[in-house]
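The values are calculated or read from the model by the stated rules, or taken from the named source; none is laboratory data. Source: prediction; values computed, not measured. Here the Cβ is made from the backbone with ideal geometry for all residues, glycine too, and neighbour counts use every protein chain on show. These area figures cover heavy atoms from the full protein model, side chains too; ligands, DNA and RNA do not enter into them. Shrake-Rupley method; radii C 1.70, N 1.55, O 1.52, S 1.80 Å.
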Amino acid sequence: MAADIAKKLAAQPSKTAGAALRTFFNIAGAWELNETQAMTLLGFDERNRSTYFKWKRDPESARLTKEKLERLSYIFGIYKDLQILLPQAESADHWVHRPNDAALFGGQPALNRMLSGNVADLYVVRNYLDAQRG
């Protein structure tokens, strides 16, 4: 599923980058992420700080790699799943910050897992939420 979305996103690079990044920054705002957390979800570290802020200022200027597209796809899926599972926007948006007793979170918030920096952890959270949806 993520691969399908990534393919669609790759079809029109500048339009896609702009729309995808605007969506990401809106989600980051809804989830009340700080800049470091948002950068980590995108796969950036402090060395990429200027690129991150350039993309934030001018999303259409971004060139999204396959890895960035994959990350965005999982983040969008996580967001969508939460909106479906928790129809009250505030509950859905704060879920990532709440401690979670599910085995894969070990009592920690899902955001901790998502902030490992690994694409695989975004995948795991997405799969968990997909399974909760049934």
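For this structure, a couple of remarks:
- Residue-level check: of (1) over 12 Å from the mean Cα position of the chain (by Cα); (2) open to solvent by 40 Å² or more (accessible area, probe 1.4 Å), Asn100 misses just (2).
- Restricting the range 1-28 to residues that are closer than 17 Å to Thr65 by Cβ and surrounded by fewer than 14 Cβ atoms within 10 Å (Cβ to Cβ), the residue that is modelled with the lowest pLDDT: Gln12
- Whichever residue in the range 59-87 is outside any helix (DSSP H, G or I) and either closer than 22 Å to Ala120 by Cα or touching a residue at least 12 places away in the same chain (Cβ under 8 Å) (or both) and, among such residues, is least open to solvent (accessible area, probe 1.4 Å): Ala62
- So Tyr123, is it of a type in the set (Ser, Thr, Tyr), more than 18 Å from Asn26 (Cβ to Cβ) and either surrounded by 12 or more Cβ atoms within 10 Å (Cβ to Cβ) or touching a strand residue (DSSP E or B) at 6+ places or on another chain (Cβ under 6 Å) (or both): yes
- The combined condition, being under 15 Å from Tyr123 (Cβ atoms) and part of a helix (DSSP H, G or I), is not fulfilled by Lys56.
- Restricting attention to the range 36-53, the residues being closer than 11 Å to Leu21 by Cα and open to solvent by 40 Å² or more (accessible area, probe 1.4 Å) number 0.
Table: residues versus (1) at pLDDT below 95; (2) touching a helix residue (DSSP H, G or I) at 6+ places or on another chain (Cβ under 6 Å); (3) farther than 17 Å from Glu32 by Cα.
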{"residue": "Ala62", "(1), (2), (3)": "yes, yes, yes"}
{"residue": "Tyr74", "(1), (2), (3)": "no, yes, yes"}
{"residue": "Ile78", "(1), (2), (3)": "no, yes, no"}
{"residue": "Leu82", "(1), (2), (3)": "no, yes, no"}
{"residue": "Pro109", "(1), (2), (3)": "no, yes, no"}
{"residue": "Ala120", "(1), (2), (3)": "no, no, yes"}
{"residue": "Val125", "(1), (2), (3)": "no, yes, yes"}
